[in-house]
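Report on one structure; see the data block that follows.
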Amino acid sequence: MADKKTDKYSYAKGRRKTASATVRLFAGTGQNTVNEKPLEEFFPVKLDQRRVMKPLQVLGKLKDFHFTARTTGGGTTGQAGAVRHALTRALVDYDQTYRGDLKKEGLLTRDPRMVERKKTGLRKARKSEQFSKR
């Protein structure tokens, strides 16, 4: 684990649904980037932007850190959740005292919900043909 300000950056991976993300967390101010684009450009929906920045907002450290993220797979909501998960893990790696506040908000828990696979003989995972009595 990294001690405060001894390493260049903190690194962590996060996942949600089929999306995965890696985050490098730097101390100091700077541009938050996702896949080499500014955060606001990569996630144009304000809800996704707030979702990603929630760990820093909970700690009150919005101006103290900046990050770069790489994300693949899934859609925009899944990728935002994956970046949030990775950012939370990177913050805990940076300083263990942040763990309690982040855990209280439920940010350290990985969202395990995934799309259920389609079964043979059915239209979707659980939907079947309409029953006909005659």
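Coordinate-derived values only; no laboratory data. Model, not experiment: these values are computed from the prediction. Reconstructed Cβ throughout: ideal geometry from the backbone, glycine too, with neighbour counts over all protein chains shown.
Peptides 106-118, 36-48, 56-68 ordered by packing proxy, namely the average of other Cβ atoms within 10 Å per residue, highest first: 56-68, 36-48, 106-118.
Each Cα pair under 8 Å and six or more residues apart adds its sequence gap; the mean of these over the residue count of the chain is a relative contact order of 32 percent.
Stokes-Einstein diffusion of the chain at 20 °C, 1.002 mPa s viscosity, Kirkwood radius from Cα pairs, rounded to a whole number: 133 µm²/s. Please determine, in degrees from 0 to 90 and to the nearest 10, the orientation of helix 46-59 with respect to the longest principal axis defined by the Cα atoms of the chain, where the helix direction is its Cα long axis. Value to nearest ten degrees: 50. Stretching the chain fully between VAL58 and LYS127 yields a gain of 20.8 nm (0.36 nm per residue, less the alpha carbon separation). Seen against the Cα atoms of the chain and their longest principal axis, helix 76-94 is set at about 40 degrees. Over all other residues within a Cβ to Cβ distance under 10 Å of ALA90, the charged ones net out to +2, with Lys and Arg as +1 and Asp and Glu as -1.
Restricting attention to the range 10-104, lysine pairs at least eight places apart or on different chains and with alpha-carbon atoms under 26 angstrom apart total 28. Whole-Hz Karplus values for the range 115-132 come out as 5, 6, 6, 6, 9, 5, x, 10, 6, 10, 4, 10, 6, 10, 5, 5, 6, 10 Hz, taken residue by residue from phi with 6.51 cos²θ - 1.76 cosθ + 1.60 and θ = phi - 60°; glycine and proline positions read x.
Shape descriptor for the range 4-64: Rg over Rh equals 0.95 (Cα atoms; Rh from the Kirkwood inverse mean 1/r). For the chain, adding -39500 (n - 2.57) for each run of n ≥ 4 DSSP H residues and dividing by the number of residues yields -9500 deg cm²/dmol at 222 nm.
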